[in-house]
Amino acid sequence: MTSLKGKVAVVAGATRGAGRAIAVQLGAAGATVYCTGRSTRQDKSDMNRTETIEETAELVTEAGGIGIAAQVDHTDPEQVERLFERVAREREGRLDILVNDVWGGDPLTDWSKSFWEHSLEDGLTMQKRAVHSHMITSKFGAPLMVARKQGLIIEITDGIDDKYRGNLYYSLAKVSVIHLAKAMAEELKPHNVTALALTPGFLRSEAMLDYFGVTEENWRDAVRTEPHFIASETPDYVGKAAACLAADPKVHEKSGLALSSWGLSDEYGFTDRDGSRPHWGRYAIEQGL
């Protein structure tokens, strides 16, 4: 695939999960991808995970693109501003794709507590990491796109609607990101820049595999613990969805929408890593979720 050859992308939150897979799939299509996040080989984040942005950048290059690791805390405006100054300097002002995937909310979410019992500090920190960071990143990234009258901003979220998601703080973060995409789309419309939201289904991420004590090879063993895991998908699925959007010459027609990996699989025809086509939307309806 060379459909994105010559294109420049920034994937904010590319350390692991959906962000890493999106970066790799953009690279597989030929893009130059700045892989950003807090976790490096020398400086681990408080997520206590082993994945690093350097590893992601190497995977991007192995896939056929150009991977560039850049350590950035996206809650710090000065660091984010410096990132895009670097991109502008190194790529002659070009930025074609911006993916906002910064999250960091898993250790902050207590699913067993109501909002008045939940740690307020953790709930507010979740908004800072998962919403404020997206706003900050878009503020400094969008001007490069506006200047060239082209570009695509993808907001990674959970879900395609404003339904309650089991925890007030979690719900607020994920729904806010969807509205952020919709609101940005309106303001970017006169400048021919597209903004949209994209969700995976039940994501079979590195952290989720570890949580269930399985690997990608025997992931179905986890279905005994969590039956709905049978409908899960690898991060590659949403990664391919993002790459297809970035390569679609009519992507502007989707500006402001909240899209899904399974819905875009129906439209573009891509499959998951094993050739399957998980459809969380249909599964959720069948299960009454």
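What follows is calculated from the coordinates using simple rules that are stated; it is not laboratory data. On a predicted model such as this, the values are computed, not experimentally measured, just so you know. Methodologically, a virtual Cβ is constructed for each residue, glycine included, from the backbone with ideal geometry; neighbour enumeration extends over all protein chains shown.
Pairs from the list 149/250; 149/189; 139/189; 163/254; 5/254; 7/240 with a Cα-Cα gap above 18 Å: 163/254; 5/254. Taking every DSSP beta bridge that has both ends in the range 1-156, the antiparallel portion is near 0%. For the chain, the membrane-span-like helices by this rule, meaning whole DSSP H stretches whose C-alpha atoms cover at least 27 Å of axis and whose Kyte-Doolittle mean is 0.0 or above, are 168-188; this says nothing about an actual membrane.
Each residue, residue 44 and residue 61, gets one label point 7 Å from its Cα in the Cβ direction; the gap between the two is 2.4 nm. Local charge for residue 31 was computed over the other residues whose Cβ lies under 12 Å away, with Lys and Arg +1 and Asp and Glu -1, and equals +3.
A dipole drawn for the chain from +1 and -1 charges on Cβ atoms has a positive end, and of 42, 120, 260 the residue lying farthest that way is 260. Of 119, 39, 205, the residue with the greatest mean-square motion in the GNM of the chain, using alpha carbon springs below 10 Å, is 119. Summary: within the chain, the longest segment free of GluC sites (Glu not before Pro) located in DSSP loops with at most 10 other C-beta atoms within 10 Å is 118-216. Packing around the peptides 208-214, 161-167, taken as the average count of other Cβ atoms within 10 Å per residue, puts them in this order, highest first: 208-214, 161-167. Normalised by the number of residues in the chain, the average gap of Cα pairs under 8 Å and 6 or more apart makes the relative contact order 17 percent.
Secondary-structure-derived ellipticity at 222 nm for the chain, considering helices only, amounts to -12500 deg cm²/dmol, per-run term -39500 (n - 2.57) for DSSP H runs with n ≥ 4.
Just to confirm my numbers, what's the Cα centroid distance between the range 1-32 and the range 96-162 in Å? Each part reduced to its Cα centre gives a spacing of 19 Å.
For the range 158-285, the relative contact order works out to 30 percent when only alpha carbon pairs closer than 8 Å and six or more residues apart are counted. Taking 23 Å as the straight-line reach from the Cα of residue 44, the lysines in range (excluding those fewer than 8 positions away in the same chain) are 128.
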